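Worksheet: one structure, shown below.
The values are calculated or read from the model by the stated rules, or taken from the named source; none is laboratory data. Please read these numbers as outputs of a predicted model, since none were measured by experiment. Ideal geometry is used to build each Cβ from the backbone, glycine not excepted, and the neighbour counts take in all protein chains shown.
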Amino acid sequence: MDFPIVAIIIIIIALAFEFINGFHDTANAVATSVSTKSLEPFQAISVSAIFNLIGALSGTAVAVTIAKGFADPILATDVVILSALLSAITWNLITWAFGIPSSSSHALIGGLVGAIAFNSGFQHINYVSLLHKVIIPMVISPILGFIIAGFIAISLSKLLSNNKEPRKTNNRIREIQVLSTAFLSFSHGANDAQKTMGIITLTLFNYHMINTINVPDWVIFACAICMSMGTLSGGVRIIKTLSTRVAKLKPASGFAAEISSATLLFIGAKLGIPLSTTHAVSGSIMGAGTTSRFGLNWGVVRNMVVSWVLTLPVCGLIAGLVLHVIRIFW
């Protein structure tokens, strides 16, 4: 199979985005286990990297949604895809620099939709699909995470209220939390790695290197490895925000936050819904944090919500700007 130079460039940038996605979103999977001291940061990141890899290999339903769910795949030209990727990378690096947990998924989707709209016209966007598979889940997932995690945390708190050996019990919960961290990392990989798979599949389709929107095996493995390597590289800034600044969690509430968000992401991956790991995890941490006597840091929460609201439109606008610049030199 002969790869055109432009296709190779796009694939390399897409894999770079997947790597950045890994280190940007590492905090989502490990913040609670670090906060509750169930795992040291390096241990948590190592566990997350392994299970991100396994999760990324587990399916392609979300990748298909990204590839053809929001517009005709033919409209996703090389210039459009390149603009979307550069937009998402720019937004990820900006939010990472300020330690703000934002959605890599929505950055990529916003960039892709914006690039197609500015290149071919806004009438070509499938707004019904965008509403049902992105905007509604964007609102509902943190709310569900908040409610489910809060319910689990309160239930565990009541069960442990008469416990005569709290230190021993907390240590046991910390051990169990290693499993919930692994589950969350698996679900993160299963959902997030597929977005880049969809972008690369679009590129291959538009260069007539594949005939259908089916993700090739080598694309699955390449994206899985890049996300895992990115996860292994860190993401300490955002880990600090989620693990200490949003809420102070105990082992039981940390476990509740991880189980809640991991379940939501796992279901989303199976249904082909590109959920935001950041939204699910942050909402769950907030819900679990309400059971803490320290409560939530509402200033940090406000900044996070503002970044969530801005991600889709800002990345769409950045993609439009990048598209204009590329056209000048293309």
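Report every pair of residues separated by at least 6 positions or lying on different chains whose Cβ atoms are under 8 Å apart, first residue within the stretch 162-179 and within 13 Å of ALA252 (Cα to Cα), second loosely packed, with under 12 Cβ neighbours inside 10 Å.
THR169/ASN163
Taking into account only those residues within the stretch 250-270 that are more than 24 Å from LYS168 (Cα to Cα) and not hydroxyl-bearing (Ser, Thr, Tyr), which is surrounded by the most Cβ atoms within 10 Å (Cβ to Cβ)?
Only one residue fits best here, namely LEU265.
Regarding SER83, is this residue closer than 30 Å to ILE176 by Cα and either under 16 Å from the mean Cα position of the chain (by Cα) or buried (at least 24 other Cβ atoms within 10 Å of the Cβ) (or both)?
no
I'd like to know if the stretch 52-74 contains one or more residues that are touching a His at 6+ places or on another chain (Cβ under 8 Å) and more than 16 Å from ASN21 (Cα to Cα).
Checking the stretch 52-74: at least one residue is touching a His at 6+ places or on another chain (Cβ under 8 Å) and more than 16 Å from ASN21 (Cα to Cα).
Could you pull out the residue among ILE199, ILE173, ILE148, ILE154 that is surrounded by fewer than 24 Cβ atoms within 10 Å (Cβ to Cβ), of a type in the set (A, V, I, L, M) and at pLDDT 90 or above?
Answer to the selection: ILE148.
Would you call ILE74 modelled with pLDDT under 90 and among the aliphatic types (A, V, I, L, M)?
yes
Do you know which of the residues in the stretch 27-58 that are touching a residue at least 40 places away in the same chain (Cβ under 8 Å) and part of a loop (DSSP other than H, G, I, E, B) is nearest to PHE221 (Cα to Cα)?
Among them, the one singled out is LEU57.
In the list LEU179, LEU159, LEU112, LEU93, which residue meets the criterion of being farther than 29 Å from LEU39 by Cβ and either of a type outside the set (Ser, Thr, Tyr) or crowded, with 19+ Cβ neighbours inside 10 Å (or both)?
Only one candidate qualifies: LEU112.
For the stretch 78-133, how many residues meet the condition of being farther than 14 Å from VAL322 by Cβ and acidic (Asp, Glu)?
Here the count works out to 0.
Just checking, does the stretch 102-116 include any residue being over 23 Å from ILE20 (Cβ atoms) and either touching a Lys or Arg at 6+ places or on another chain (Cβ under 9 Å) or in a helix (DSSP H, G or I) (or both)?
Within the stretch 102-116 (the criterion being over 23 Å from ILE20 (Cβ atoms) and either touching a Lys or Arg at 6+ places or on another chain (Cβ under 9 Å) or in a helix (DSSP H, G or I) (or both)), the answer is no, since none of the residues qualifies.
All but one of (1) over 23 Å from LEU271 (Cα atoms); (2) surrounded by 15 or more Cβ atoms within 10 Å (Cβ to Cβ) hold for ASN211; state the number of the condition that does not hold.
Every condition holds for ASN211 apart from (2).
In the stretch 257-284, what count of residues is obtained for those that are in a helix (DSSP H, G or I), out of contact with any Gly (no Cβ under 8 Å at 6 or more places or on another chain) and touching a residue at least 40 places away in the same chain (Cβ under 8 Å)?
10
Do you know which residues across the stretch 205-227 are assigned to a helix (DSSP H, G or I) and either of a type outside the set (Phe, Trp, Tyr) or in contact with a strand residue (DSSP E or B) (Cβ under 7 Å, 6 or more places away or on another chain) (or both)?
ASN206, ASP217, VAL219, ILE220, ALA222, CYS223, ALA224, ILE225, CYS226, MET227
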